[in-house]
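**Q** The structure's right below; bear with me while I get my questions together.
The values are calculated or read from the model by the stated rules, or taken from the named source; none is laboratory data. Fair warning: this is a prediction, and the values are worked out from it, not measured in the lab. In this analysis, Cβ positions are derived from the backbone assuming ideal geometry, glycine residues included, and neighbour counts consider all displayed protein chains.
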Amino acid sequence: MAAYTGTEGVASAPSEQPPERSLVGTLDQVDSEATEFVVRTDKGKQTFVLQSGATIRQGSKTIKASELAAHKGEKVKVRYHEAEGVRRAEWIVVASPPHKVKTL
């Protein structure tokens, strides 16, 4: 006879994760360890903590967190979760640089 653990047939409750949000603005600051960054919008500045394993993209290229500071002043879109007043960025897209038009 198998021991009863009390969990058979019981669905575990989903973790209470806050909804995902997104924000578009200009990358304003990146700390020296690239663990926090600030995005400037029309409504002011928003500070984010970069989650471990976050995805940072520019077009089809993946960017390392250590390279994020090189993109200050560029447009970004950040997907994040906010809990206890902390915005944790999980996905960042940096706007692709404008295409240079060749003059004839």
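**Q** Name the residues in the stretch 11-35 that are at pLDDT 90 or above and in contact with a Leu (Cβ under 7 Å, 6 or more places away or on another chain), would you?
**A** VAL30, THR35
**Q** In this structure, does SER60 turn out to be surrounded by 13 or more Cβ atoms within 10 Å (Cβ to Cβ), of a type in the set (Gly, Ala, Ser) and at pLDDT below 95?
**A** no
**Q** Let me spell it out: the conditions are (1) at pLDDT 95 or above; (2) under 18 Å from ALA95 (Cα atoms), and ALA65 meets all of them except one. Which number is the exception?
**A** Going through (1) at pLDDT 95 or above; (2) under 18 Å from ALA95 (Cα atoms) one by one, ALA65 breaks only (1).
**Q** Mind counting the residues in the stretch 56-82 that are basic (Lys, Arg) and within 12 Å of PHE37 (Cα to Cα)?
**A** The number of residues fulfilling the criteria is 1.
**Q** So, in the stretch 68-82, how many residues would count as being of a type outside the set (Ser, Thr, Tyr) and either surrounded by 15 or more Cβ atoms within 10 Å (Cβ to Cβ) or under 14 Å from the mean Cα position of the chain (by Cα) (or both)?
**A** 9
**Q** Separate question: Enumerate the pairs (first residue in the stretch 21-40 and free of Cβ contacts under 8 Å to residues at least 12 places away in the same chain and assigned to a strand (DSSP E or B); second residue anywhere and surrounded by 13 or more Cβ atoms within 10 Å (Cβ to Cβ) and not β-branched (Val, Ile, Thr)) with beta-carbon separation below 6 Å, excluding pairs fewer than 6 apart on the same chain, so at least 6 apart or on different chains.
**A** Here the result reads VAL38/ASP28; VAL38/GLN29, each pair linking the stretch 21-40 to a residue that is surrounded by 13 or more Cβ atoms within 10 Å (Cβ to Cβ) and not β-branched (Val, Ile, Thr).
**Q** Taking interchain pairs and intrachain pairs at least six residues apart, which have beta carbon atoms under 6 angstrom, with the first residue in the stretch 70-99 and modelled with pLDDT of 95 or more and the second surrounded by 14 or more Cβ atoms within 10 Å (Cβ to Cβ) and of a type in the set (Gly, Ala, Ser)?
**A** GLU74/ALA95; LYS75/ALA95; VAL78/ALA89; TYR80/ALA89; ALA89/ALA54; GLU90/ALA54
**Q** A follow-up question, please. For the stretch 47-63, enumerate the residues that are over 12 Å from the mean Cα position of the chain (by Cα) and either in contact (Cβ under 8 Å) with a residue 24 or more places away in the chain or over 24 Å from SER96 (Cβ atoms) (or both).
**A** Answer for the stretch 47-63, where residues must be over 12 Å from the mean Cα position of the chain (by Cα) and either in contact (Cβ under 8 Å) with a residue 24 or more places away in the chain or over 24 Å from SER96 (Cβ atoms) (or both): GLN58, GLY59, ILE63.
**Q** Okay, next question. Give the number of residues within the stretch 66-81 that are assigned to a helix (DSSP H, G or I) and closer than 18 Å to THR41 by Cβ.
**A** The qualifying residues number 2.
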